[in-house]
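To keep things clear, I will list the structure first and then write my remarks on it.
Values in this text are rule-based calculations from the coordinates and carry no lab data. Here the structure is a predicted model, which is why all the values come from computation and not from measurement. All Cβ positions, even for glycine, are placed from backbone atoms using ideal geometry, and neighbour counts span all protein chains on display.
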Amino acid sequence: MMHCTMEDLGAVRAGEGSVWARRHITTCAACRGELEALFQRVAQLKALPALHPPRDRWPAIQATLRAERSRRRRTWGTWTGSLALAATIAAVLLVQPPRGEQGKLHAELNQAKQQSATLEDSLQQYDVDGRVLSGHAAALVADLEDRISMLDGTLAQQEHVTHGGDAALVKLWQERVGLMRELVNARATRARYVGL
């Protein structure tokens, strides 16, 4: 024997069921039980209290965003200060320029560090709190900041171990420069659009 589907039962409940489904319900106890259970589920759902979100959630969302942003800045500032201190110590210890392959690595490392510092300075020109970012732009900026933060941790560990004479360290600094360029471009593009 063929029974009614949920679609058939829903249509019968709404008063739009087919002739076959209406007749079948009167003769089949299983389908009649399912229809009754469907009525009960609908009644239970209607009995649930209506939940309405507060009218203005923006202050709470804004406070959360500001707290997260300030936490990132503190973390970023700590890493930046540590890296600046490490760069200063390295410069003092390495007064004599190295020769050969090490000299080339040293020059590339210094160039990458200087580019990174320049990009950080240009990033400070953009008012982070005063700009409104779209969800996509905010996600992009947050992702870049997280990647830079993780890379800074790796750099701090690597510099402590190698003391600035490793090709892997140069690659890490160059990767940081690339990420910083992307971050500056994301901020600059957003600043231009907002300024229109």
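Peptides 28-40, 167-179, ordered by how many other C-beta atoms sit within 10 Å of their residues on average, highest first, read 167-179, 28-40. Dipole check for the stretch 6-47: with +1 at the C-beta of Lys and Arg, -1 at the C-beta of Asp and Glu, and the Cα centre as origin, the magnitude is about 120 Debye. Between Glu16 and Arg57, the FRET efficiency estimated from the beta carbon spacing at R0 = 41 angstrom works out to 0.55.
Output the peptides 115-124, 62-71 sorted from most to least packed, where packing is the average of other Cβ atoms within 10 Å over each peptide's residues.
115-124, 62-71
Once the C-beta distance of Gln111 and Asn185 is scaled by a Förster radius of 22 Å, the resulting FRET efficiency is 0.65 to the nearest 0.05.
On full extension, the segment bounded by Glu7 and Phe39 gains 10.1 nm, given 0.36 nm per residue less the C-alpha separation.
Note on Lys104: lysines with a C-alpha under 16 Å away, same-chain residues under 8 apart excluded, are Lys113, Lys171.
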